[in-house]
Amino acid sequence: MTDPTDPTNPTDPTGHAIDNDSGTDYGNGNGNGPDNDPDEDPTDAPGNSPAMDPAMDPAMDPVRDPWHAPMRLALAEAELAVGGGDVPVGAVVLSPDGTTVLAVGHNERELTGDPTAHAEVLAIRRAAAELGQWRLSGCTLVVTLEPCTMCAGAIVQSRVDRVVYGARDDKAGAAGSLWDVVRDRRLNHRPEVIDDVLADEAAGLLTRFFREGHRGG
């Protein structure tokens with residue numbers, strides 16, 4: 001039986017453990033993160049992340065590998081966006097101890113007609129509702145695509161401690177590529193950023209979406 005207190009086995013809101021070895025094969029992308037513009041096809045982890053011993057496997061990345069399980073949840077969430085005609089981007093918010101998924105979200109701009117309905121914003125709103133407060137101190141946001149300026153602002157305002165993302169967005173990214181809003185030293189809150197987690201799989205979702213002729217949102 002899975003130990004729900006084991007940080008290497010985070011649980012979803014139903015209490016089920018996240019299987020670190022599971023995940024759908026989403027194919028390979030070119031590693032370039034597209035933005036959310038429907039007309040363009042951009043083709044020792046600190047804190048509470050699970051500890052891993054690099055000596056066990058020379059190929060192991062101790063910074064990024066611990067985030068594979070929650071990123072696979074975000075990838076699965078991203079798939080749901082396609083049904084509403086939206087660009088496949090998904091996000092999850094983890095509790096401060098890293099063991100529980102507080103909320104999930106995927107792009108819903110086309111579905112709802114809400115221009116702010118990006119995956120990150122929706123996940124942050126739902127996590128705040130779950131906790132009963134706007135401050136998400138200690139929490140981690142895991143998202144398949146580098147946040148845009150709007151989402152970066154929401155991340156700073158929510159006081160999320162850490163942002164983990166998959167594919168870079170060289171056209172509109174605001175967490176280290178085009179801009180670095182989340183780590184701007186002029187702001188009063190600067191979360192840790194971990195990039196390039198399952199980036200090929202995240203980019204692959206986006207690449208297929210646009211190649212299939214979708215415009216999305």
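FYI, it's all coordinate maths here, none of it is from the lab. Just so we're clear, the structure is a prediction, and the values are computed from it rather than from any experiment. Neighbour counts run over all protein chains shown; Cβ positions are idealised from the backbone, glycine included.
Translational diffusion coefficient of segment 124-202 (Stokes-Einstein, Kirkwood radius from Cα pairs, 4 °C, 1.567 mPa s): 104 µm²/s.
For the pair residue 208 and residue 149, what calculated FRET efficiency results from E = 1/(1 + (r/R0)^6), where r is the Cβ-Cβ distance and R0 = 35 Å, to the nearest 0.05? The value I calculate is 0.85. A simple packing score, the average count of other Cβ atoms within 10 Å per residue, orders the peptides 137-146, 102-111 as 137-146, 102-111, with the highest score first. The mean of 1/r over all pairs of different alpha-carbon atoms in segment 63-217, once inverted, gives a Kirkwood hydrodynamic radius of 15.0 Å. Structural descriptor for segment 103-217: relative contact order 22 percent, calculated from alpha carbon pairs under 8 angstrom and at least 6 residues apart.
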